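Below you'll find the structure, written out as C-alpha cells, and then a few comments.
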Amino acid sequence: MIPCIAIFDIGKTHKKILLFDQRYQIIKEEEVSIEATVDDDGDKGEDLEALTNWIRATWRSLEADQRYDVLAVNFTAYGASLVHLNDAGEAVTPLYNYLKPFPENLEKQFYNTYGDRLTLSAQTASPPLGMLNAGLQLYWLKYQKPALFRQIRHSLHLPQYVAYLFTGELTTEYTSLGCHTALWDFQKKDYHAWVYAEGFDKLLPPLRHYYRPLETTFRSGKILAGLGLHDSSAALIPYLKQYRKPFLLFSMGTWGITLNPFARQPLSTTDLQHDCLQYLTFRGNPVKASRKFIGDVHEKQVKRFAEYYGKPLDYYKSVQYDESLTNAGLLQGLGSAQKQGQALGSDTVVSAVSLEVDLALHDTYEAAYHQLIEQLIQQLLDSLNLAAEGDTGYFKLLLVEGGFSRNQVFMSLLRRVFPDLKIKARKEAQGTALGAALALNVWPY
C-alpha cells in the first residue's frame, strides 16, 4: 500500500478528494458536482445533506481501497459559510448561500448599533458585504429567524464542519476567522466587541492552533486529522513553507490578487476603499490582499482583438514578447514610482479596471496586445503597491501563479518594471489541496 495524505477540497462548484504521496505528488484525484438545493427562503444553496453523504461515502470507499494507506487527512472549503448545530450535533439550518441578499433594514440596525461602517470594517478587515460577512449571517438569523436561532448551540465555519464529521471535535481556526467575516478584531487579536455584545462568542467553538491537530479513524487505526482551512488561505501555504524571506504573490485568474503575507501595518479605511483586505494565515499572521478584476477584462479584450484582426480567440497565447512594441518610458516610470513607494491611482477604486486600447492605432494584433498588457500591468501596480504597503523595496521576490504566469508578454514586461525583484512563475498543481496537506507536517517539503 502507498502511504499518503488525503485531502477533501470543497469548492462551490466542484468537490474533490485528492491523495498525496511522500513527495507531495498527486496519486489519486476524484471530482464531483453536487446539485444545488433551495433553502427555507427559496434561494439556491449548497445541499448540506448531499455534501455530507458524499464525504462519508468517499471515506468508506477509500478505506476499502487496499492500494492506499492514509496516514493523515485534512480539509479545505470555501469561506463565508457557517453550519449551525443543535445540542445533538445535527444541522438545524440550511447551509445558506453567502450571495443571499442582506436586508437593508437589518444592515442599518447593525451599523446604528455598532458604529461607523468603515471603522468597523477596518478593525475587522471586512468590507461591508452583507452575507459575505459570515458574522452577519449569525446576526441575520438572530433577528430574522429567532425560532431557528434559539436551536443553535454551535456555529462552525464550513471547513471546520467537514473536520467535525471526521473527528467529532468542535473547533475554530484562524484562516476561516480571517476571511472577511467581520468577527475578528485584527488589532486586538480577539473577537470584535460586537460579537461579545450579541453573545455569538458562546456559539463559536474554542480557537485551536494548527500545531494541535486532531485525530480520526482510518480502517481500525488512529490517524492525524487537520482542523480544516479556508481554501484561499490554504493556497498560500506551499509558498510560506518554501520561502522564508518576504515575498509578494500575484495570483492571476478572474481576479488579479496581490498577497503580502508579511504585512506590518494595520488595514486603513483608505485600503478598504481601494478593495484591499486582510486575511489570516494558518498560523494567525496577517496577510494583506489587494485585488483587480483583471482576468475578466483581459478575456473581453482578446475577444475584441480576435474579431478586429481576424484571428482565433486564443491567438494571444502565441504572441511573443517584442520589446520594440512596448512603451519603454511608461514602464520605466511605473517601476521607479513603485520603488519610491508612491501610491498610484489612489483616487480610483482598485478593483475597477479601465482600458483604452485604440485598435485603429495598431497595425497588428501583436502591437495591440502589448499595449493591452502594459495597461493591465499599470493598473495591477496600483493594487501591488497597496498590498506592499508602499514599500516594494522590502521584498526580494515576486511570485506569479495562474494563467498569466504562462503569458510571455506579461512576464517579460513585469520583469522590466521590477528589474531589482526576482520574479518567478509558479505552476503548483492543486495549490489549495497541497497547502492543506503541507499544514499537517507529515513529511518534509
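Read-outs: derived from the displayed coordinates by stated rules, not from any lab. Since this is a predicted model, take the numbers as computed values, not measurements. All Cβ positions, glycine included, derive from the backbone under ideal geometry; neighbour counts span all protein chains shown.
Please return the longest range in the chain lying between exposed loop sites, taking GluC sites (Glu not before Pro), DSSP loop only, at most 11 other beta-carbon atoms within 10 Å, and leaving the sites out. Walk me through the numbers on the way to the answer.
Details: sites that count: E35, E90, E356.
My reading of the result: 91-355 is the longest stretch.
Among the trypsin sites (Lys or Arg not before Pro) in region 249-295, which ones are in a DSSP loop with at most 13 other Cβ atoms within 10 Å of the Cβ? Mind listing them? Mind showing how you got there, number by number?
On the way: sites: R264, R283, K288, R291, K292; in loops: R264, R283.
Hits after loop and neighbour filter: R264.
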### Task
Give the residue from A72, G45, L85 lying farthest towards the positive end of the charge dipole for region 26-112; charges sit on Cβ (+1 for Lys and Arg, -1 for Asp and Glu) and the dipole is referred to the Cα centre.
A72
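Would you work out the charge dipole size for region 2-232 about its Cα centre, treating the Cβ of every Lys and Arg as +1 and the Cβ of every Asp and Glu as -1, and quote it to the nearest 20 debye? Present the calculation step by step, with values, prior to reporting the outcome.
On the way: 23 positive and 29 negative charges, 93 e Å.
That gives a dipole near 440 debye.
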#### Entry: Sparse-neighbour loop sites [trypsin sites (Lys or Arg not before Pro); region 15-118; at most 10 other C-beta within 10 Å; DSSP]
R23
## Note on the structure
Projecting the Cα atoms of H192, Y394, T171 onto the charge dipole of the chain, where Lys and Arg contribute +1 and Asp and Glu -1 at Cβ, the residue farthest towards the positive end is Y394
### Task
Evaluate the Debye formula for region 244-431 with equal point scatterers sitting on the alpha carbons, no solvent, and hand back log10 of I(q)/I(0) at q = 0.08, 0.18 Å⁻¹, in q order, two decimals.
-0.25, -1.24
### Task
Would you please give the FRET efficiency between K422 and S324, computed as 1/(1 + (r/R0)^6) with r the Cβ-Cβ distance and R0 = 30 Å, to the nearest 0.05?
0.70
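So what's the net charge close to K28: Lys and Arg +1, Asp and Glu -1, counting the other residues with Cβ under 12 Å from its Cβ?
-3
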### Query
In percent, what relative contact order does region 180-238 have, based on Cα pairs under 8 Å that are 6 or more apart in sequence?
16 percent
### Message
Using 0.36 nm times the number of residues separating A64 and A306, minus their current alpha carbon distance, what extension gain do you get?
### Response
82.0 nm
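To the nearest 20 debye, what charge dipole does the chain have about its Cα centre, counting +1 at the Cβ of each Lys and Arg and -1 at the Cβ of each Asp and Glu? Before the final figure, lay out the partial values.
Numbers: 45 positive and 49 negative charges, 268 e Å.
Roughly 1280 debye for the chain.
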### Summary
Toy charge model, Lys and Arg Cβ at +1, Asp and Glu Cβ at -1: region 182-245 dipole around Cα centroid in debye, rounded to 20, equals 460 debye
### Query
Say the dipole of the chain comes from +1 at the beta carbon of Lys and Arg and -1 at that of Asp and Glu; which of T269, G431, H362 then lies farthest toward its positive end?
G431
### Message
Relative contact order for the chain: what percent, with Cα pairs under 8 Å and sequence separation of 6 or more?
### Response
16 percent
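Could you give the semi-axes, largest first, of the ellipsoid that matches region 2-232, computed as the square roots of 5 times the alpha carbon gyration tensor eigenvalues and rounded to whole Å?
33, 19, 16
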